[in-house]
Amino acid sequence: MSVPVDTLIANKELLDRFHSDEAYNYGRELVAPDVDVLELIVRFINEFLNELFGTYNIHLNVKSFLAIVGAFLILALSFLLYKNRNRLFMRVGTAADDSIPHEDTIYGIDFESVVRDALARKDYKLAVRMLYLQTLRRLADQDVIDWQPHKTPSQYVEEVCDGDFKSFTELFVRVRYGNYPASEEMIPKVRQWQENVFYRILDQSEKMKGTEG
C-alpha cells in the first residue's frame, strides 16, 4: 500500500510577513505590558508641548526630562536657601521676628521710635540691637564705615578701630547671636558707648572733612 506524498509546500516569505505583522500577534494579549510611568509622563508632556506650540518640533526623552526637573529643583532650593540665609545661620535657640528690622538693612528705620517701644515692653535685646544698628547707620552716613549687608560686625570693628565700639560690638554679638540675656542695666552702658563713638569718631570725621573743604 503506497503512502500519498504530501505536496504542500510552506510559503516562507508569507509566514515571515505574518510573523512580523502585529495584527497576527495574538500572544501580546496574554502578556501584561511593561508600563514605564516616567515614559508615560514624558509622553504626556511631549503631547502637551506639541499642542501648545503647534508647528514647533518639541521632543523630550527621559534623560532630558530628568535634567530639566533636576535643574528646576536646584534653582528652587538655591532660592529658598538665599531667602532664608539669616535664619539658617542663626545659632540654635535664636528666633527670627518678622515684625522688627533685620540686620540686612540699616535704612528706612525710625531707630528712636523702635528703641522707645522696645524699652516700654522691656525688650532689652531688641533695644541693644537697634542702638547698635543706629550706630552703624551714623558711621555709614559719615563714610567712617563701608556698610554692606553681607559684612560681619568684626569687619566694622577693623574699620572703626575704637575701644568703645569694639566693646559695643562684642556685647551686640553675644546678645544677638549667643543667647546672652539682655538686661535693663545694659542700656545706659551701650548708650554711653554710642555717645563716645559719636563724639570721638564722628566729630573727628567731620573736622577732617571741614579741613579738606
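Brief remarks follow.
- Per-residue ³J(HN,Hα) for the stretch 170-182, Karplus 6.51 cos²θ - 1.76 cosθ + 1.60, θ = phi - 60°, Hz, x for Gly and Pro: 5, 5, 4, 5, 5, 6, 6, 10, x, 6, 6, x, 8
- Theoretical FRET efficiency, 1/(1+(r/R0)^6), r = Cβ-Cβ of Glu159 and Asp110, R0 22 Å, to 0.05: 0.30
- Paramagnetic label zone (point 7 Å from Cα along Cα-to-C-beta, Ser183; backbone N under 15 Å) in the stretch 113-137: 124-125
- Computing FRET efficiency as 1/(1 + (r/R0)^6) for Asp16 and Phe44, where r is the C-beta to C-beta distance and R0 is 30 Å, gives about 0.25.
- Förster-model FRET efficiency, 30 Å R0, Lys122 and Phe198, C-beta, rounded to 0.05: 0.70
- By accessible area with a 1.4 Å probe, ligands and nucleic acids excluded, highest first: order of Lys166, Lys151: Lys166, Lys151
- Across Lys122/Lys189; Lys122/Lys166; Lys166/Lys189, pairs whose alpha-carbon gap is larger than 22 Å: Lys122/Lys166
The values are calculated or read from the model by the stated rules, or taken from the named source; none is laboratory data. Fair warning: this is a prediction, and the values are worked out from it, not measured in the lab. So basically every Cβ, Gly included, is an ideal-geometry build from the backbone, and we count neighbours across all protein chains shown. All accessible areas refer to the heavy atoms of the entire protein, side chains included, with ligands and DNA or RNA removed. Shrake-Rupley method; radii C 1.70, N 1.55, O 1.52, S 1.80 Å.
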